[in-house]
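Pasting in a structure now, in structure tokens, and then I'll have a few things to ask.
Every read-out reported here was derived from the displayed coordinates using simple, explicitly stated rules and does not represent laboratory data. Because the structure is predicted, anything quoted here is derived from the model rather than measured. When we count neighbours, we look across all protein chains shown, and the Cβ atoms used for this are built from the backbone with ideal geometry, even at glycine.
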Amino acid sequence: MLVTAALFSNCRIPDLNTDERGPEIEVSRDAPNKAKLLYTDTDSLIYQLNVPDIYKHIKEDSHRFDTSDYEPNIPYGIEQKNKKVPGLMKDENNGQIMLEFVGLRAKMYAYKVHNDKIVKRSKGSTLASVKKISFDDYKRTLFDHEIIYKPQNLIRSKKHCVFTIRQNKMILNPFDDKRVLNSKSTDTKPWGYERISEDADDLPNKRICIR
């Protein structure tokens, strides 16, 4: 089941992102070239969409979305349907507008939504240590290139002996070794992208990224 889901997402996600209309939401009808991909994971995409009303597009293309978790009285008038239908897009914030997003590297990001909720992710870090960092820590890591460490306690088992360890965990890191960072912005390019060599400013970042 897990392998099938992973393979399915690996096939479907590129289709959603490289469709000639842009993202699955047909924003090109009213505002061409207004969709920018900020972050992608195995089964998710985070876009910056510069359109007057994104929920208008979701409502018009609701057959492409799982909208089952929207509130019944949501002001956008989007019908609840397509629960857990494979291959459809889903608004994980369920109508709560995302205000800010900071993406550092794979599975290391944070975002704010308009109801004051903050979502923070840091792969390999405990929930307790993630609670000790703020949204501003993510921004400082991104813009000031500051690596942040936090102590965390873990329970381990070796040869049936259970013990605890305390480690100083690197919880936030601005250097993405899976991408090449553009020195003039927070944008990245994939390794092997043909135009990397054309930008001399990218070369120092390539050395930084492979540390």
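Specify which residue in the list 86, 76, 97 is farthest towards the positive end of the charge dipole of the stretch 66-137, using unit charges on the beta carbon of Lys, Arg (+1) and Asp, Glu (-1), about the Cα centre.
86
Assuming R0 = 25 Å, what is the FRET efficiency of residue 187 and residue 123, from their Cβ-Cβ distance, to the nearest 0.05?
Numbers: r = 22 Å, r/R0 = 0.87.
After rounding to 0.05, the efficiency reads 0.70.
Relative contact order (percent) for the stretch 96-174, with alpha-carbon contacts under 8 angstrom and 6 or more residues of separation? Before the final figure, lay out the partial values.
Working: 132 pairs, mean separation 20.6, N = 79.
Value for the stretch 96-174: 26 percent.
Let me ask you something else. By how many nm would the segment from residue 63 to residue 115 grow when fully extended, if each residue of separation counts as 0.36 nm and the alpha-carbon distance is taken off? If you can, show how the numbers build up before the last one.
Numbers: separation 52, 0.36 × 52 = 18.72 nm, distance 2.72 nm.
Residue separation times 0.36 nm, minus the Cα-Cα distance, leaves 16.0 nm.
Determine, for 160, 57, the number of other Cβ atoms within 10 Å of each Cβ, and report the residues in order from fewest to most.
Working: 160 5, 57 23.
Lowest count first: 160, 57.
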